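Colleague: Here's a structure for you.
The values are calculated or read from the model by the stated rules, or taken from the named source; none is laboratory data. Predicted, not measured: the structure shown is a model, and the values here were computed from it. Every residue, glycine as well, gets a Cβ built from its backbone with ideal geometry; the counts of neighbours run over all protein chains shown. Calculation scope for accessible area: heavy atoms of the full protein, side chains included, ligands and nucleic acids excluded. Shrake-Rupley method; radii C 1.70, N 1.55, O 1.52, S 1.80 Å.
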Amino acid sequence: MTKAWSHISNNFCRLAIGLFMCCILTNCADDPEIINESEPVEETPPIAQEIGLVRYLAIGDSYTVGEGLETSKSWPYQLKRKLLEDGVEEVELTVIAATGYTTREVTQLINTATFNKPFDIISIQIGVNNQYRGESVAQFGEELEAMFQTIASNFYLKDAKQFVVSIPDWGATPFGSSYDRVQIAIEINQFNGLKRNTAEARAAPFINITDISRTNPDASELVASDGLHPSELMYSYWVERIFPVVKQLVQP
């Protein structure tokens, strides 16, 4: 009797486990597949409260300026707010950027700027005007290398943690509809490929926001009034991807 009951009990356990696993698999099959083109970023705890001040230098062109918007709506300022919300007591943001400037022209701005305090983090988003003017990827590479060397040779910049943001696709905008969007996309990808390689060679995080910029090429709410530059909403999507990386960089 004991053996028979033991046999029945074992069979019942196997059946219960089997039904449980079946339910799990069925529920998983019902969940849609989540596709994320960005590289996975490990979750980090909230920024430690002892971080009193972060000095942040944003280097770039019209995208860093926030062309067509109030300055406070640009992505560097949105990133600053996110840092403050997450526990940093103070963020000093300095912007060295100009609409329409190429990499070499922004490097000249860095060379002529006056700094008096060291920075903690530096963002670099540059290159769209090199591509827009029809310059080669090779020339862009030389100019980008010169920019990194300029940063490395500056006493106030050399020790800052750098991160590189990809070039958005300006062809994927209402303004870009009158251009060859396919060719623009190909060239933007080439420029970004070089940027990624250059960043990784320096162990600087490369953050891809280009796929976000291509989300809806004809959506007016994603661009400023000029139909070309990003809106506050589009920048907020960028910051959602940029912030987790920067959060790790500023951790003590």
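Colleague: Using only protein heavy atoms and a 1.4 Å probe, report how much of residue 220 is accessible, in Å² to the nearest 10.
Modeller: The accessible area comes out at roughly 80 Å².
Colleague: Going toward the positive end of the dipole of the stretch 133-252, with +1 on Lys and Arg Cβ and -1 on Asp and Glu Cβ, which of 154, 191, 213 do you reach last?
Modeller: The residue sitting most towards the positive pole is 154.
Colleague: Here is a follow-up. Using the crude model of +1 on Lys and Arg Cβ and -1 on Asp and Glu Cβ, and no other charge, please compute the dipole size for the stretch 169-239 relative to its Cα centre, in debye to 20.
Modeller: Working: 5 positive and 9 negative charges, 67 e Å.
Using Cβ point charges on Lys, Arg, Asp and Glu, the stretch 169-239 gives about 320 debye.
Colleague: Related question: To one decimal place, what Kirkwood hydrodynamic radius in Å is obtained for the stretch 104-185 from all pairs of distinct Cα atoms? Let's see the in-between values first.
Modeller: Details: mean 1/r = 0.0695 Å⁻¹.
Answer for the stretch 104-185: a Kirkwood hydrodynamic radius of 14.4 Å.
Colleague: Using a cut-off of 22 Å between alpha-carbon atoms, which lysines can reach residue 195, once sequence neighbours fewer than 8 places away in the same chain are excluded?
Modeller: Within the straight-line limit of under 22 Å, residue 195 reaches these lysines: 158, 161, 247.
Colleague: For the stretch 123-252, state what percent of all Cα-Cα pairs lands in each successive 10 Å bin, counting from 0 Å until the bin that includes the largest distance.
Modeller: 12, 40, 34, 13, 1
Colleague: Could you tell me which of 108, 88, 121 has its Cα farthest along the dipole of the stretch 60-126 towards the positive end, charges placed at Cβ (Lys, Arg +1; Asp, Glu -1), taken about the Cα centre?
Modeller: It is 108.
Colleague: Fully extended, how many nm does the chain gain between residue 248 and residue 145 (0.36 nm per residue separation, minus their Cα-Cα distance)? Let's see the in-between values first.
Modeller: Values: separation 103, 0.36 × 103 = 37.08 nm, distance 2.51 nm.
Stretched out fully, the residue 248 to residue 145 stretch lengthens by 34.6 nm.
Colleague: Order 178, 74, 236 by their accessible area, 1.4 angstrom probe, all chains in place, largest first.
Modeller: Sorted by accessible area, descending: 178, 236, 74.
Colleague: Measure off 7 Å from each Cα along the Cα-to-Cβ vector at residue 71 and residue 110, then give the distance between these two points in nanometres to one decimal.
Modeller: Inter-label distance under the simple model: 2.2 nm.
Colleague: Would you mind working out the magnitude of the charge dipole of the stretch 86-239 relative to its Cα centre, with +1 at each Lys and Arg C-beta and -1 at each Asp and Glu C-beta, to the nearest 20 Debye?
Modeller: 400
Colleague: Once you place label points 7 Å from the Cα toward the Cβ at residue 175 and residue 156, how far apart are they in nm?
Modeller: Going by the 7 Å Cα→Cβ label model, 3.1 nm.
Colleague: At a 1.4 Å probe radius, which order do 114, 103 fall into by accessible area, largest first? Walk me through the numbers before you get to the answer.
Modeller: Numbers: 114 130, 103 0 Å².
Ranked list, largest accessible area first: 114, 103.
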